[in-house]
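Report on one structure; see the data block that follows.
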Amino acid sequence: MEEKNIIVTDCEADESLKSLAKGKLVQAVEFSKSCRDSLTGSNTISCDRTSKTADDVEIRLLRTIIEHPLQPSSQYPKLAGISPNTFKKIRPVLKDKELISEHKLQANTRGRSTILLGPTEQGKKYLSDHDNNKESS
């Protein structure tokens, strides 16, 4: 029997991450050896197709980067409760707006260097202004 690939939207992928927050995370032995300082999070995201905007996801990711600075970029989709595909689209937007900075960390291993993400002062101010505007509304 031939299996067909199912195409899902970013929003559906984000929604599917909710179940991960309820379960127990068991890291692979290989991962534990290669990344001793791994970080796990359990934030969830609610996905309403009519009200979810790119700005909402940008704010969610920026807030996560501010709360968890200088983590490997691969950790942020889980921490923010978004799909890796959504993260891949939003990260360059935040970088282009100069709200986050990227720092490459080359380990003594083969392969790609680790990219650590951190907020800029402009990013911190942007989030603070956003939160203040939301409270006054």
Checklist line | Which numbered condition residue 133 fails, given (1) assigned to a helix (DSSP H, G or I); (2) polar (S, T, N, Q); (3) at pLDDT 85 or above | finding: (3)
Check: Tell me, which residue of the stretch 63-76 that is in contact with a Pro (Cβ under 7 Å, 6 or more places away or on another chain) and free of Cβ contacts under 8 Å to residues at least 60 places away in the same chain is surrounded by the most Cβ atoms within 10 Å (Cβ to Cβ)?
Finding: 65
Next item on the list: Please state which of the following conditions residue 50 fails to meet, knowing it meets all the rest: (1) modelled with pLDDT under 90; (2) within 19 Å of residue 130 (Cα to Cα).
Entry: (2)
Next item on the list: Hey, can you tell me all the residues within the stretch 60-74 that are touching a strand residue (DSSP E or B) at 6+ places or on another chain (Cβ under 7 Å) and outside any helix (DSSP H, G or I)?
Entry: 69, 70, 71, 72
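The values are calculated or read from the model by the stated rules, or taken from the named source; none is laboratory data. None of the values given here were measured: they were computed from a predicted structure. When we count neighbours, we look across all protein chains shown, and the Cβ atoms used for this are built from the backbone with ideal geometry, even at glycine.
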